[in-house]
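Trainee: Can you keep this structure in mind? I'll have questions shortly.
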Amino acid sequence: MSETNQPTSSPEATAPEPRTPAGNAVSDDVLVSAYPRRRSGRRWIVIGSIIVLAVAGVLFWHYLSGFVSTDDAQVDVHLYPVSARVPGYVQDVNITDNQWVDKASILVEIDPRDYEVALARAQAALEASEATARSLNIDVPVSSVDTSSQLKFSSSDIQDAEAAIQAAEKQAAAAHARVLEARAENVKAQDDVSRYRMLLAKEEVPKQVYDHAYAAAATDFAATAAADADEAAAQQEVQEAHSRLTEAEAHYEDAEAGPQRVASTRARARAAVADVNQKQAAVEQAQLNLGYTKIFAPVTGEVTKKVVVGLNVDPGEELLTVVPLDQVWITANFKETQLKRMRVGQKASIKLDSNGRTYDGHVDSIAAATGPIFSLLPPENATGNYVKIVQRVPVKIVLEPNQNRDHQLRPGMNVEAKVYLR
């Protein structure tokens, strides 16, 4: 009974007594000094762990703050649609689907026969126009020389005709005076004959006197007739002189009209030259149209969506598209909150989803507006229940040289873009 009523001993009381490796019991003083050392070791371990975790956290934060990334990124490129510039029948297609072509290589050929005929017609029209222009240009200096000489000669003829008129009029006046004088002497002689005839009948004068008066009257009559003839000749000379003057004046007027004729000839020559230029332009256009029947690659790249032989195409109709895979870039849509430290020229890496490869590049430019601004229907935020939504801004990342030599980066592919801010 006494043993069962004794209080239960504590763990410390029932615990085995500490002993040394030799089996001897450890004293209380030794146990008291060992406990603080154990607690101090644990404390240093905890402190060291905290320090390591803090340093690792700082390093991890430093690493994460050194770049920004987004998986909203795609491969972009400028597509080059190739279209016809002239209508016609597709005669040859020199490429196949997805074929790599070099710049300036012939892709498609349109039937050139219609344009060869048009070029020949334009060249013939040009030759005819040039012949006309040459003849008119020769006529212009000839007309100029003829006009100058005609003016000179016509002016001289007018002066000579006026002098001849004056001389003829003087001669006519002198002839008229002689006629008057001869007529007066003839009248006197006729009167003398009549008087002497009457006297001779009365035998008051000898017959010799009568004969002498009769002979003088006959002479005066002949002189009068001669004077009349001279006057008529002088008047005829005056008329002829006036005719020559009229003719000279007509020639002078015609010569004065010569500059107008020269101007008209020159105008026709200029019109012929203009016609030559027009025909030359038509020839050049025909040559261009003939050249347009061969369609060349605008850039080096891969061909897609090609046309087939046998189609009749119109100007502007798209025949195929050339994709320059050497000129691709990355359009990465970063959140506006990620642009605070982003600058042009910072290095970037692009991870392609299709093959897992990482490409090197750098930031080329940052768009001037967010992506939705360029959409067909931009968002309208002027509402009463406006909710702030983080916007994305397109960032253009270009590849470093020779990064896409295998042309694995193709337009439209998804990539993960990472921009290093340091």
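Computed from the coordinates by the stated procedures, all read-outs in this text should not be read as laboratory data. It should be emphasised that the depicted structure is a prediction, and the values quoted were computed from it without experimental measurement. Quick reminder, even Gly has a Cβ in these numbers, built from the backbone with ideal geometry, and neighbours come from all protein chains shown.
Trainee: Starting from the coordinates of the alpha-carbon atoms of region 94-139, obtain the Kirkwood hydrodynamic radius over all distinct pairs and give the value in Å to one decimal.
Mentor: Computed over Cα pairs of region 94-139, the Kirkwood hydrodynamic radius comes out at 14.4 Å.
Trainee: Grab the beta carbon distance between Tyr89 and Ala274, set R0 = 35 Å, and tell me the FRET efficiency rounded to 0.05.
Mentor: For Tyr89 and Ala274, the calculated efficiency is 0.45.
Trainee: Would you mind computing the Rg to Rh ratio of region 338-422 from its alpha-carbon coordinates, Kirkwood style for Rh? Before the final figure, lay out each step's value.
Mentor: Working: Rg = 16.0 Å, Rh = 15.0 Å.
My calculation puts Rg/Rh at 1.07.
Trainee: Here's something else I'd like to know. What's the exposure ranking of Glu400, Glu416, going from fewest to most Cβ atoms within 10 Å?
Mentor: Glu400, Glu416
Trainee: Using mean Cβ contacts within 10 Å as the protection proxy, how do 364-375, 344-355 order, highest first? Walk me through the intermediate numbers first.
Mentor: Working: 364-375: 12.6, 344-355: 15.5.
So the order, starting with the most tightly packed, is 344-355, 364-375.
Trainee: Sticking with this structure for a sec: Checking a compactness column here: for region 281-422, what do you get for Rg(Cα) / (2.2 N^0.38 Å), N being the number of residues?
Mentor: 1.49
Trainee: If you don't mind, there's one more thing I want to ask. Take each of the peptides 126-136, 302-312, 105-115, average the number of other beta-carbon atoms within 10 Å over its residues, and list them starting from the highest.
Mentor: 105-115, 126-136, 302-312
Trainee: Shape verdict for region 309-383, please, from the Cα gyration tensor: rounded (a/c under 1.5), prolate (a/b greater than b/c) or oblate. Could the numbers behind the result be given before it?
Mentor: Details: a/c = 2.84, a/b = 1.37, b/c = 2.07.
Because a/c hits 1.5 or more and a/b fails to exceed b/c, region 309-383 counts as oblate.
Trainee: Where does each of Phe334, Phe67 land when they are ranked from fewest to most other beta-carbon atoms within 10 angstrom? All intermediate terms of the calculation are to be shown ahead of the outcome.
Mentor: Values: Phe334 21, Phe67 18.
Ranking Phe334, Phe67 by Cβ neighbours within 10 Å, fewest first, gives Phe67, Phe334.
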